[in-house]
Amino acid sequence: MLLCKLLLFNLSAFEKSVKLHSILKSFESKDKWVTAICASPIALKAAKIGLKKRLTSYPSFQKDLQDAYQYLQDRVVIDGKLITSRGPGTSFDFAYALVGVLVNDDMVQTIKSGMCFQ
């Protein structure tokens, strides 16, 4: 699983990174999980990853992404092996989604219970 988390100050570098694009394309071609939260889906678009799939991002990036993807405003979006989430406020939901696909829903419930999340 490849997890992309970009900060706004390094967004441009990630958008232009040939190495990151190569890694992303390799993961997609091998049907491995690609995940992105906050502004990170911008790097997915730059690398042409998951085009036309459903995804979400930090709200201010919607206009940049909605032409290449089926943009949703959900807290977490899973489409095939692509998982995206909106931002810092959705990070727990994002983490639970990752545990759900990597382990199982029972583990998600165990973790939530242990964290008093419910």
Notebook entry, point to check: Restricting the search to segment 11-59, which residues are among the basic types (K, R), assigned to a loop (DSSP other than H, G, I, E, B) and farther than 27 Å from Y96 by Cβ?
Noted result: K48
Next item on the list: Mind listing whichever residues of segment 38-74 are touching a Phe, Trp or Tyr at 6+ places or on another chain (Cβ under 8 Å) and basic (K, R)?
Entry: K45, K52, K53, R54
Check: Restricting attention to segment 79-88, which residues are out of contact with any Lys or Arg (no Cβ under 8 Å at 6 or more places or on another chain) and outside any loop (DSSP other than H, G, I, E, B)?
Finding: I83, T84, P88
Checklist line | Filter result for K30 (among the basic types (K, R), over 15 Å from the mean Cα position of the chain (by Cα) and modelled with pLDDT of 95 or more) | finding: yes
Next item on the list: Considering only segment 60-73, state which residues are in a loop (DSSP other than H, G, I, E, B) and buried (at least 16 other Cβ atoms within 10 Å of the Cβ).
Entry: A68, Y69, L72
Note to self: Please go through (1) under 15 Å from the mean Cα position of the chain (by Cα); (2) at negative phi for V108 and return the number of the only condition it doesn't satisfy.
What the structure shows: (1)
Margin query: Just to be sure I understand the filter: pairs with C-beta atoms under 6 Å, separated by 6 or more residues or on different chains, first member in segment 96-118 and under 24 Å from L82 (Cβ atoms), second member not in a helix (DSSP H, G or I). Which pairs pass?
Written below: A97/V76; A97/I83; K112/Q118
Notebook entry, point to check: Pick from segment 38-57 the residues that are among the β-branched types (V, I, T) and modelled with pLDDT of 95 or more: which of them is surrounded by the most Cβ atoms within 10 Å (Cβ to Cβ)?
Noted result: T56
Notebook entry, point to check: Counting only residues that are touching a residue at least 24 places away in the same chain (Cβ under 8 Å) and aromatic (F, W, Y), which one in segment 9-48 is farthest from V77 (Cα to Cα)?
Noted result: F14
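The values are calculated or read from the model by the stated rules, or taken from the named source; none is laboratory data. Note that the structure is a prediction, hence the values are computed from the model and not measured. FYI the Cβ positions are ideal-geometry reconstructions off the backbone, even for glycines, and counts take in every protein chain you see.
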